[in-house]
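Take a look at the structure below.
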Ligand code: NAD
């Protein structure tokens with residue numbers, strides 16, 4: 001951006017921010033009915049523009065329409081419906097019990113909107129991951145500035161259209177652009193920043209937030225493992241892993257990044273996984289590049305990055321069991337299975353975020369657990385097993401944002417569960433009630449009676465009776 005453009009952009013951001021900040025004070029008194037009417041307007045627009053959304057995401061990276069229906073549109077419309085249904089309950093003050101030492105008082109938790117929020121979104125589910133947090137922000141009574149990803153310009157423009165046609169700018173506004181715009185926004189003293197993206201940018205966001213002591217939700221990424229136990233339904237596990245990994249060409253934060261398979265079932269699992277990949281993406285053997293059900297890598301930069309991971313692996317001895325082909329002009333990268341991988345390979349060290357699936361074998365579940373525990377805590381962890389004790393042991397001995405037993409990726413659709421990571425994979429939670437909480441301040445409210453209170457005998461001067469009460473407190477409470 002030219003210096004002159006920078007000045008103009010910065011002053012636009014400041015103007016919208018100040019209007020939202022002012023409006024956010026009025027929103028403190030907003031009712032569930034008012035917030036629901038905003039959510040309904042958003043829902044109506046999405047329902048009326050489904051085809052536009054499909055076309056925009058397709059124009060960005062050829063995502064098949066059915067994938068967009070499920071992973072971009074349905075996840076947002078169901079998030080809106082869920083919020084509309086439960087918002088009245090979520091907003092109600094929650095009474096808490098009164099301990100004996102506080103007798104005479106009453107306490108509850110009230111949910112006030114945090115205020116002016118910033119939502120920064122990634123490109124991989126460009127509509128879903130910008131609009132999902134916006135649903136939570138509106139449900140909580142916040143204003144929001146949304147910064148969609150510059151890597152998906154068609155969806156970004158569509159998001160701007162939605163926001164401009166549905167909301168007043170003092171409630172919701174969109175600023176499109178790249179890192180520069182993102183950093184201008186991050187300089188403003190937002191009350192809450194909801195960031196979805198990579199761990200490295202997450203650190204930059206958190207540092208910027210620290211300047212203003214803005215609270216943050218960081219929805220980050222990393223390497224999510226899928227464990228395949230020796231006692232497993234091979235067809236079931238292979239089908240689910242094939243779907244969860246290659247949906248969206250593997251560009252999914254919760255996709256299995258690598259498979260840890262018990263050595264006794266390794267060959268059978270790999271064979272079945274190949275069968276299922278063929279069935280899903282090339283049932284008539286016409287070449288996956290011709291499949292209408294398989295999308296593309298978002299741009300050449302990410303296609304190059306994946307090729308580097310691939311070349312690095314194969315040059316160090318990795319074996320390609322399935323796929324491996326790619327077409328640069330189309331940003332096409334075939335679903336690929338890789339075995340014989342080693343720790344010094346980039347596919348093992350970096351988040352893959354694409355359609356390459358390394359397979360690693362283990363000989364006992366303790367070995368798999370130790371392997372996972374030596375790496376940063378994952379966003380998701382999947383365990384496929386016919387027995388209960390194996391998933392139980394994994395649950396107890398590892399840390400992850402989510403654990404799914406006998407499936408993968410579907411936890412994103414379970415609105416009753418918090419969605420988010422732990423440490424490197426992020427912190428703070430999203431979806432449903434947890435998304436509402438992310439944008440709310442849980443205000444502690446206590447009402448004391450007038451006159452005699454339980455603490456009065458403890459006021460100075462500290463006499464005999466006060467000391468006696470303190471002694472009892474220390475002993476019994
Ligand atoms: P990214 O971190 O590169 O970009 C995300 C957003 O941050 C974009 O809007 C971008 O413009 C902005 N940005 C980039 N660099 C910035 C900087 N230096 N300062 C300020 N803002 C900056 O992430 P991405 O490539 O868009 O998405 C992929 C990553 O996101 C992966 O790591 C993936 O695992 C993660 N992800 C996590 C979730 C989740 O819910 N936990 C969901 C999707 C993606």
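Of all residues in the stretch 168-177, one or more are more than 25 Å from residue 41 (Cβ to Cβ) and either in contact (Cβ under 8 Å) with a residue 24 or more places away in the chain or within 15 Å of the ligand (Cβ to nearest atom) (or both). Scanning the stretch 211-227 for residues that are under 28 Å from residue 345 (Cβ atoms), part of a strand (DSSP E or B) and within 13 Å of the ligand (Cβ to nearest atom) returns 218, 219. Among residues that are within 16 Å of the ligand (Cβ to nearest atom) and without any contact (Cβ under 8 Å) to a residue 24 or more places away in the chain, residue 96 is not included.
On inspection, residue 180 fails the criterion of being near the ligand (Cβ under 9 Å from one of its atoms) and under 30 Å from residue 385 (Cβ atoms). Can you pull out the residues in the stretch 324-335 that are surrounded by fewer than 19 Cβ atoms within 10 Å (Cβ to Cβ) and in a loop (DSSP other than H, G, I, E, B)? Once the filter is applied, which keeps residues that are surrounded by fewer than 19 Cβ atoms within 10 Å (Cβ to Cβ) and in a loop (DSSP other than H, G, I, E, B), the stretch 324-335 yields 324, 325. Of the listed requirements (1) crowded, with 22+ Cβ neighbours inside 10 Å; (2) assigned to a loop (DSSP other than H, G, I, E, B), residue 285 misses just one: (1).
Residue count for the stretch 415-452 under the criterion of being in a loop (DSSP other than H, G, I, E, B) and over 13 Å from the mean Cα position of the chain (by Cα): the result is 7.
Table: residues versus (1) touching a residue at least 12 places away in the same chain (Cβ under 8 Å); (2) within 16 Å of the ligand (Cβ to nearest atom); (3) within 14 Å of residue 250 (Cα to Cα); (4) assigned to a helix (DSSP H, G or I).
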residue: 292; (1), (2), (3), (4): yes, no, no, no
residue: 295; (1), (2), (3), (4): yes, yes, yes, no
residue: 298; (1), (2), (3), (4): yes, yes, yes, no
residue: 301; (1), (2), (3), (4): no, yes, no, yes
residue: 304; (1), (2), (3), (4): no, yes, no, yes
residue: 308; (1), (2), (3), (4): yes, yes, no, yes
residue: 312; (1), (2), (3), (4): yes, no, no, yes
residue: 321; (1), (2), (3), (4): yes, no, no, no
residue: 337; (1), (2), (3), (4): yes, no, yes, no
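Reported count of residues in the stretch 165-177, each being outside any loop (DSSP other than H, G, I, E, B) and touching a strand residue (DSSP E or B) at 6+ places or on another chain (Cβ under 7 Å), is 3. Looking across 103, 135, one residue alone is more than 10 Å from the ligand (Cβ to nearest atom) and farther than 24 Å from residue 209 by Cα. It is 103.
Within the stretch 184-203, which residues are within 10 Å of the ligand (Cβ to nearest atom), in contact with a helix residue (DSSP H, G or I) (Cβ under 7 Å, 6 or more places away or on another chain) and within 22 Å of residue 427 (Cβ to Cβ)? First the steps, then the outcome.
Initially, the stretch 184-203 is screened for residues within 10 Å of the ligand (Cβ to nearest atom), giving 184-186, 195-203.
When the remaining residues are screened for being in contact with a helix residue (DSSP H, G or I) (Cβ under 7 Å, 6 or more places away or on another chain), the result is 184-186, 195-196, 199.
Selection gives 185, 186, 195, 196, 199.
For residue 352, the requirement of being more than 16 Å from the ligand (Cβ to nearest atom) and either surrounded by fewer than 23 Cβ atoms within 10 Å (Cβ to Cβ) or assigned to a loop (DSSP other than H, G, I, E, B) (or both) is not met.
Here is a list: 143, 152. Which entry is closer than 25 Å to residue 6 by Cβ, within 15 Å of the ligand (Cβ to nearest atom) and modelled with pLDDT of 95 or more? Reasoning before the result, please.
Working: 143 fails: within 15 Å of the ligand (Cβ to nearest atom).
From the options 143, 152, the qualifying one is 152.
Just to be sure before I move on: is residue 254 within 16 Å of the ligand (Cβ to nearest atom), in contact with a strand residue (DSSP E or B) (Cβ under 6 Å, 6 or more places away or on another chain) and closer than 30 Å to residue 54 by Cβ in the structure I sent? Judged against the criteria, residue 254 is a match.
Out of all the residues in the stretch 178-210, which are assigned to a loop (DSSP other than H, G, I, E, B) and more than 18 Å from residue 13 (Cβ to Cβ)?
Within the stretch 178-210, 197, 198 qualify.
Looking across the stretch 67-96, the residues that are under 21 Å from residue 447 (Cα atoms) and in contact with a strand residue (DSSP E or B) (Cβ under 8 Å, 6 or more places away or on another chain) come down to 91, 93, 94, 95, 96. Might you let me know whether the stretch 212-231 holds any residue that is more than 25 Å from residue 430 (Cα to Cα) and out of contact with any helix residue (DSSP H, G or I) (no Cβ under 6 Å at 6 or more places or on another chain)? Scanning the stretch 212-231, I find at least one residue that is more than 25 Å from residue 430 (Cα to Cα) and out of contact with any helix residue (DSSP H, G or I) (no Cβ under 6 Å at 6 or more places or on another chain), so the answer is yes. Count of the stretch 360-379 residues, restricted to those that are in contact with a helix residue (DSSP H, G or I) (Cβ under 7 Å, 6 or more places away or on another chain) and either surrounded by 21 or more Cβ atoms within 10 Å (Cβ to Cβ) or part of a helix (DSSP H, G or I) (or both), is 4.
The values are calculated or read from the model by the stated rules, or taken from the named source; none is laboratory data. This is a predicted model, so every value here is computed, not measured. Methodologically, a virtual Cβ is constructed for each residue, glycine included, from the backbone with ideal geometry; neighbour enumeration extends over all protein chains shown.
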